[in-house]
Amino acid sequence: MQVPVSWLKDYVDIDIPIELLAERLTLAGLEVGSIHYIGVPQGHVEGIRWPTSNHLVWDREKLLLGAVREVKSHPNADKLVLAMVDYGGADLEQCVTGAPNLFEYKDKGALNPPLWAVFAAEGAEVWDGHSDEPKRMILKEKALRGIPNRSMVCSEKELGMSEDHEGIILLEEQPGLRPGMPIQDVLGDIILEVELTPNLARCYSIIGVAREVAALLDKPMCYPSYEFVAEGAPIAGQVQIDIREPDLNPRFTLSLIRDVTIKPSPQWLQRRLKLVGQRPINNIVDITNYITFEIGQPLHAFDYDKLAARAAGKMPTIITRLATAGETLETLDEVKRTLEPHNILVCDTAGVLSFGGLIGGAETEISPETKNVLLEGANWNFINIRRTMQSQKIQTDAGARFSRGVHPSQAILGVQRGIELMRQTSGGIIAKGMIDTYPKQQPTVKVDLAISEIERLLGMGFTADEAAKFLRRLEFDVKAEGETLHVTTPDYRLDITGDDPVTGQADLIEEIARIYGYDNIPDTIIADAMPPQWANIPLEREERTRDILVAIGLRETISYRLTSPEREALLIPSGMEAPKNGGYVELANPISADKTAMRHTLLISMLENAFNNQRYNARQQIFEIGNVYFKREGQLLPDEPRRLGILMTGPRRTSNWLKDDAGGNVDFYDLKGVVEELLVGLHLSDVSYARASHPSFHPGRSAQLSVGKTEIGTLGELHPIVARTFDLTAAPILVAELDLDALLDLVQDRHEVKPLPITPPVLQDIAIVVNEETPAAAVEAVIVQAGGDLLKGVSLFDVYRGDPIPTGQKSLAYNLVYQTDERTLKDEEVARVHKRIVKAVERELGAKLRA
Amino acid sequence: MLNQLESQYSESLAALENVTDSESLHAWEIKYLGKKGSVTLLLRSTGQLPAEERANFGKRANEVKNLLFEAYAAREKLVAEQELALDLEEGALDVTLPGRERPAGGLHPSTQTLRQYAEIWAEMGFQVYRSRDVETDEYNFQLLNFPPHHPARDMQDTFHTTEPNVILRTQTSPGQIRAMHELGENGTQPIRVILPGMVYRYEQITSRSEVQFNQVEGLAIGHNIRMSDLKGTVTEFAKRMYGDNVRLRFRASYFPFTEPGMEIDVECFLCGGEGCRVCKYAGWLEIAGSGMVHPNVLRNGGYDPTIWSGFAFGMGPERATMLKHGIRDIRYFWGNDLRFLEQF
Ligand SMILES: [Zn+2]
C-alpha cells in the first residue's frame, strides 16, 4: 500500500526523519519495502540504510511557486505565449511557453487572482519535457522565436511527478500560497510503500497506518470529522434495506444526497488519489475511493434515480442475499459474470445490482447525468469475500480490504465522512438521518491480561503501569487492577481474540512487544530442562550411505519429486508390463505438463539428469536418495518410501593429456562394484545377486539384489529401448534403484572385528572348468562349503574361455587362502582340504580341475 | 723403476683429473689399478728389483697405490654427485602441466547446508525430526491455525492433489504437530527438534522461485520457553553460521501458528551492512521467520498453553546457500548440472 507522508501528517505529527519512521514501522511489522521521494531530498539517519534514490531534488532557490499575473501573446509565434510570473523577486519574470492551458488567459490583461504555477529560474535542474528517455537538463538562457528566455513554468513531467507534459501545473488557490515559496514545500512529498501481513487488515488505510505511527511515536491521533450537514427531506421512506444473510453481511448503511453536480474533483483530492495510484473519475466516485484509502472502509455509490426507476413507483429496497442458480451480472469492469451460490449480492426487487463488497454493476453506476446519489457503506464476511474473489477472479481495492477483514463499526463512519465530502464537492443536499441495519453485532473484545503472562512469554517483565501505557498508545482502553489489566479492544480491530483468554493475552503481549521493540527484549539461553533425546537411526544410516557413496566417488543429486505418469511410462518398453506399484499422487493444479504427479521411481529423475548432463559430461557417476510416492487403496495419504538411485555412464576414468588408458566405458561390474562397496561399508553380509526381470533393465545384464531373504532392488544396464527413448545412446547407462528403507533396516547396530591372524597363511590357486551356465556364485558356494574352517578366503582372479577349454565351458581360477589361528598349517592338512574341494566341485557341479 | 713409478703416478693423477663420468672412471681404474693396470704391474715387478732397491721401491710403490686409491675414491664420489645432479636435472618435469584427475564424489549443496544446520542445532539439543511430504489440509493448515479460506493461506500458494484435502506440504510446520503427537506423550514432555524437509509451492519456476525447496523448521516446547530464548538461541545459531560478530535484527511479523511472530534478519555478510546488490542495498538479509507457538497450535499438539510455551522458527537452506556462494539462479539446485555440483 502506498502511504503519502503528506496525507499521513493530517492525522499524526511526525517529528522524526522519514527514513527513521520507515525503520520503526518495519520493525513493528509494517514492512516499508521502499521509499519514493517527490522533489524532497533523501534523509540520512545514522545506522539506517536505504537504497540511494536518484530522483530529482527540487532546488529550494530555483524551483519556486510562481504567480502568473498576466499572459501575453508572443509577437512572432501563435503557438507560444509570454507568461508574466511573480516569483517573489523585484520584477515579474517573462517566460516563453507553449503550455496549452495558458492560452485561454492570453491577452486577458492582469489576472486576479493569479494562476499559481511552478516557476523554474535560470540554472534550475529539471527533467527534459521533450525527451522520450528520462533526461535531466539545466535551464539556460535561450531566445525562443526572437524573444529572450531564461526561465520557465513547469509541467508535471519536468518535475518528475508524472509523464504528463500536456500543459503546465496550475495549482488551485489554497490558503498560505505566496510567490517565491520553494516548490518543495508545496508539492514535495514522500511515499512509503508499506507491505501488510494478513493480521494487519486494520492498517489497510492511511488512518490505519497513522494509528501505528502515533503509537510508535507516542503522539496523539487527530481524526477527521465525521459530522455531516443534512438539510434535505429525511431518508426514511425513500429507501429500505433487507439483509437476508446477516452472517455474510453483518451491517448495511445508507445515506442519500440529492441535486449533486457531477464534475471533476478538487485538485487536492485528485492529487491524493494519484499519489495512492488511483485515477480520478468524478467527484462522487472519487470520494468513495478516497474514503476507502483514508479510513479503509470501501463505499459504493448508486444512482438513486435508476434504483427508483427499477422499483417502478415503489420505494426502492436494497436486498442483500446469496445468488440463485443462473443469475448473471455485468460488472463495472465490463465483464458479464455468471453468479455462484456462495456469492453475496446487493440486489433490489428487480434483480442484482452488485457483488457485495467487491464491485458494482454497470446498470446503476454514477453517470455524468446523475442527480441523486445513494451511498452505501456495508460490512461483509471476509472469508466469503475471499472465496468470491478467487472464484470470480475479481481484484478490487474494496475486495482487498474486505477480504482481509474490516470492522463493522467502520461502515457508518465511512458513510458519514463520505456523504459530507460529497456535499462539499458537489453542492448537493444530504437527506436527514441514515438507514443503518446492523443485525449481526460484532461483540466488543475484552481481555484480562495477567501481568505475569508477559514475562512467561517474552522473558522480560513489565509493571502493570508500563504495560498499560504501551496498550493505551494503541488506543486500547485499559483499567489496571492489581496485577491484572482489564483491556477493551478499540472498535476497528478484529485481530484480538476475545473468546480464548490464552490467545487473547498472547495477542496483547505481542502488541506490547511491538511497541516496546523486539530488539529491546533481551537474548537468553534456554534454561528449561533438556528434553529426552533419542537415537535417530534411519537418519544416521542414511547419512552413512551418503558418505560411503561420496567416498567411492559419486556425486549426490537432488531432483524434482514431481513428474508425470506419462514420463514414467517411457521407462517401460512397449509390450512389457510395469512393476506393480500403487497409484499416483496427482496434482489438481499442476504448474506444467511434465510435473503433474509425485514420482514412483528415482529412475525417471536420474535419466533426466543424465540426459541434461550428457552434452557437457560424458562421464557421470551420481546417486540420489529421496522419496517416491505410492497412493494406496483405502489410505488417505500415500506411502513415501525412501529409495537410493545410482547412475553411472561414460568413461571409467577421466581422460587426460597423458593418454593413459581410460579403461573404456563403465559396465555392469563397475556398478556392481559400487553396490558391493556400499554393502561392505554398511557391514551387510548374506548378499546375493540373481538375474533380474525388471522391464527397464537389460534382461541379460541386470541383477536382483537380495540381502538375506529381503529383496533390495535392481541394478544393471538400462534396457537399450529405454536408453533410445531417453536419447542416452552414447554409452551404456548403468543404473540401480534400491529400497533404502529395506536395506537400512538390515544394518546392524554393531559388527565384530576379526582378530588379526598370528600364523602365516598358505596360498593355493585352483582353476575349475565348468559349463557356461554355471554361475560363479554357485562355484564359490561349493568351494566355501567344502573348504570348511581352514579355508579363510576365496577370490576369483581369472575367467577364461577358449582353447584348450571345450566350447560351452569356462575356466574359473581362484586364489584360496588357508589358515588357522592356532598354529602353522602342515602341508598334508592343506592338501587334504584342497582335495576335498576338488572332489566337491567335480561331484556337485560336474566340474573338472583344469590341468 | 722408481722414475717409472713416479711418472706413472703423475700421469695417472693427471688422467684422473679429466675423468668426469663413471664410465671413464672405470676405464681409468682398469688402466692404472686393474689386474693388468700399469701401476699394478709396476708393483708386481718389485721382486725383479735388486734386493737393496726393493725395500725403498716397495715402500714408495705402496704409498703411490694408496694415494691413487684415495684419489680414485674422492673422484668416484665427485662423479657420483655430478651424475646424480645431471640425472635429477634430466628427470625434471614441466610442473605446470595438469595432474591426473581423481574425480571425487560430493554431497549436493543442499545436503551440505542441511548437515551444517543439523550439526549446529544438535549442539543446542535440537534433534532432527522428519515427516511426510504429502499432507492433509488439516495438518498443513487447520491445526496450524489457518482456517479454510483464511487470507493467511494467500501467503502460500498450494499444490492440491486430486484427493480432496490432500496437498503437498507448503511448509515443514505440519511436522510440528506430528512431533508433538509423537514425542509429546499427550503434552507431558518437552520437545526440542528441527524439522528439515522438502516443501512445495504452486509457483512459476524462475531464477528466483521454485516449486520445491527445503525448509528447516525448529520447535522448542517447555514449561519455560520464552521469546528471549528464541532470540538468544537464534543468535547463537547465527554466530556459528555467520561468525561471532554477526548482528541480527528482529522485526514483528505474522505467521498464523505463532503469537507473537517475528522475522529475523542478519546484517548482510557480503557488504557488512553497507548495502549491496544482494541485500538490495538495505544491509539486511532475511534468515528466518519465527515466533512463539500459538496457543491453538500447542493445544492441537496436546499441550495446555497455560503451563506450556514454545518457540518455532523456519529457515531456507537453499536461500542461505545462494547468499553464501553468490548463486543467482535457484534453478541450479534441482537442475543437477554436474558443472554446478562439482563446485561444492
Ligand atoms: Zn549487502
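Name every residue in the stretch B:260-274 that is open to solvent by less than 20 Å² (accessible area, probe 1.4 Å) and either within 11 Å of the ligand (Cβ to nearest atom) or more than 29 Å from the chain's Cα centre (by Cα) (or both), in order of residue number.
The answer is B:PRO260, B:GLY261, B:MET262, B:VAL266, B:CYS268, B:GLY273.
Identify, please: which residue in the stretch B:237-259 is within 16 Å of the ligand (Cβ to nearest atom) and in a strand (DSSP E or B) and is, among those, nearest to the other protein chains (Cβ to nearest Cβ)?
The qualifying residue nearest to the other protein chains (Cβ to nearest Cβ) is B:ARG249.
For the stretch B:302-328, what are the residues that are open to solvent by 30 Å² or more (accessible area, probe 1.4 Å), in contact (Cβ under 8 Å) with a residue 12 or more places away in the chain and farther than 19 Å from B:VAL216 by Cβ?
If the condition is that a residue be open to solvent by 30 Å² or more (accessible area, probe 1.4 Å), in contact (Cβ under 8 Å) with a residue 12 or more places away in the chain and farther than 19 Å from B:VAL216 by Cβ, then B:GLY302, B:ASP304, B:ILE307, B:GLY326, B:ARG328 are the ones that fit.
Is one or more of the residues making up the stretch B:291-299 within 16 Å of the ligand (Cβ to nearest atom) and either at the interface with chain A (Cβ under 9 Å from one of its Cβ atoms) or under 24 Å from B:ASN224 (Cβ atoms) (or both)?
Checking the stretch B:291-299: not a single residue is within 16 Å of the ligand (Cβ to nearest atom) and either at the interface with chain A (Cβ under 9 Å from one of its Cβ atoms) or under 24 Å from B:ASN224 (Cβ atoms) (or both).
Looking only at the stretch A:136-176, which residues are surrounded by fewer than 20 Cβ atoms within 10 Å (Cβ to Cβ), more than 47 Å from the chain's Cα centre (by Cα) and touching a residue at least 24 places away in the same chain (Cβ under 8 Å)?
A:LEU144, A:ARG145, A:GLY146, A:ILE147, A:ARG150
Within the stretch A:785-814, how many residues are open to solvent by 60 Å² or more (accessible area, probe 1.4 Å) and in contact (Cβ under 8 Å) with a residue 40 or more places away in the chain?
Qualifying residue count, the stretch A:785-814: 1.
Please go through the stretch B:36-55 and give me each residue that is open to solvent by less than 100 Å² (accessible area, probe 1.4 Å) and farther than 14 Å from B:LEU16 by Cβ, ordered by number.
Correct list: B:THR40, B:LEU41, B:LEU42, B:LEU43, B:SER45, B:THR46, B:GLY47, B:LEU49, B:PRO50, B:ALA51, B:GLU53, B:ALA55.
Could you tell me which residue of the stretch B:98-114 is surrounded by the fewest Cβ atoms within 10 Å (Cβ to Cβ), considering only residues that are within 7 Å of chain A (Cβ to nearest Cβ) and in contact (Cβ under 8 Å) with a residue 60 or more places away in the chain?
Here the answer is B:GLY106.
Filter the stretch B:294-311 down to the residues that are of a type in the set (Phe, Trp, Tyr) and either within 14 Å of B:THR188 (Cβ to Cβ) or more than 43 Å from the chain's Cα centre (by Cα) (or both) and list them by number.
B:TYR303, B:TRP308 - these are the residues of the stretch B:294-311 that are of a type in the set (Phe, Trp, Tyr) and either within 14 Å of B:THR188 (Cβ to Cβ) or more than 43 Å from the chain's Cα centre (by Cα) (or both).
Here is a yes/no grid of residues against (1) open to solvent by less than 30 Å² (accessible area, probe 1.4 Å); (2) in contact with a helix residue (DSSP H, G or I) (Cβ under 7 Å, 6 or more places away or on another chain); (3) touching a residue at least 40 places away in the same chain (Cβ under 8 Å); (4) within 8 Å of chain B (Cβ to nearest Cβ):
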position: A:LEU562; (1), (2), (3), (4): yes, no, no, yes
position: A:GLU568; (1), (2), (3), (4): yes, yes, no, no
position: A:GLN621; (1), (2), (3), (4): yes, no, yes, yes
position: A:ILE646; (1), (2), (3), (4): yes, yes, yes, no
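Criterion first (assigned by TED's automatic domain parsing to the domain that holds B:ARG299, more than 16 Å from the ligand (Cβ to nearest atom) and assigned to a strand (DSSP E or B)) does B:ILE177 satisfy it?
no
Restricting to helices (runs of 4 or more DSSP H) lying wholly in the stretch A:267-355: which have 2 or more residues that are open to solvent by less than 10 Å² (accessible area, probe 1.4 Å)?
Of the helices (runs of 4 or more DSSP H) lying wholly inside the stretch A:267-355, those with at least 2 residues that are open to solvent by less than 10 Å² (accessible area, probe 1.4 Å) span A:267-275, A:283-295.
Please determine, by comparing only the residues of the stretch B:275-286 that are under 15 Å from B:ARG249 (Cβ atoms) and open to solvent by 30 Å² or more (accessible area, probe 1.4 Å), which one is farthest from the ligand (Cβ to nearest atom).
Result: B:GLU286.
Yes/no matrix, rows are residues, columns are (1) within 8 Å of chain A (Cβ to nearest Cβ); (2) over 30 Å from B:PHE269 (Cβ atoms):
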residue	(1), (2)
B:VAL128	yes, no
B:VAL134	yes, yes
B:LEU143	no, yes
B:PRO151	yes, yes
B:SER173	no, no
B:ALA179	no, yes
B:GLN204	yes, no
B:THR235	yes, no
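Being of a type in the set (Gly, Ala, Ser), open to solvent by 50 Å² or more (accessible area, probe 1.4 Å) and assigned to a helix (DSSP H, G or I) is true for just one of B:ALA74, B:ALA92. Which residue is that?
Going through B:ALA74, B:ALA92 in turn, just one is of a type in the set (Gly, Ala, Ser), open to solvent by 50 Å² or more (accessible area, probe 1.4 Å) and assigned to a helix (DSSP H, G or I): B:ALA74.
Can you give me the number of residues within the stretch A:367-406 that are open to solvent by less than 20 Å² (accessible area, probe 1.4 Å) and either acidic (Asp, Glu) or in a loop (DSSP other than H, G, I, E, B) (or both)?
8
Condition test on A:ARG832, is it farther than 21 Å from A:PRO757 by Cα and either exposed (fewer than 15 other Cβ atoms within 10 Å of the Cβ) or in contact with a helix residue (DSSP H, G or I) (Cβ under 8 Å, 6 or more places away or on another chain) (or both)?
Against the criterion (farther than 21 Å from A:PRO757 by Cα and either exposed (fewer than 15 other Cβ atoms within 10 Å of the Cβ) or in contact with a helix residue (DSSP H, G or I) (Cβ under 8 Å, 6 or more places away or on another chain) (or both)), A:ARG832 qualifies.
For A:PRO522, only one of the following conditions fails: (1) modelled with pLDDT under 95; (2) under 35 Å from the mean Cα position of the chain (by Cα); (3) facing another protein chain (nearest Cβ under 9 Å). What is its number?
All conditions pass for A:PRO522, except number (1).
Which residue, of B:ILE221, B:ILE167, B:ILE194, is under 12 Å from B:GLY310 (Cβ atoms), open to solvent by less than 10 Å² (accessible area, probe 1.4 Å) and either outside any strand (DSSP E or B) or in the same structural domain as B:GLY301 (by TED's automatic domain parsing) (or both)?
B:ILE221
The values are calculated or read from the model by the stated rules, or taken from the named source; none is laboratory data. This one's a predicted model, so the numbers in the text were calculated from it and none came from an experiment. Cβ: placed from backbone, ideal geometry, glycine included. Neighbour counts: every protein chain shown. Note: areas computed on protein heavy atoms with side chains; ligands, DNA, RNA excluded. Shrake-Rupley method; radii C 1.70, N 1.55, O 1.52, S 1.80 Å.
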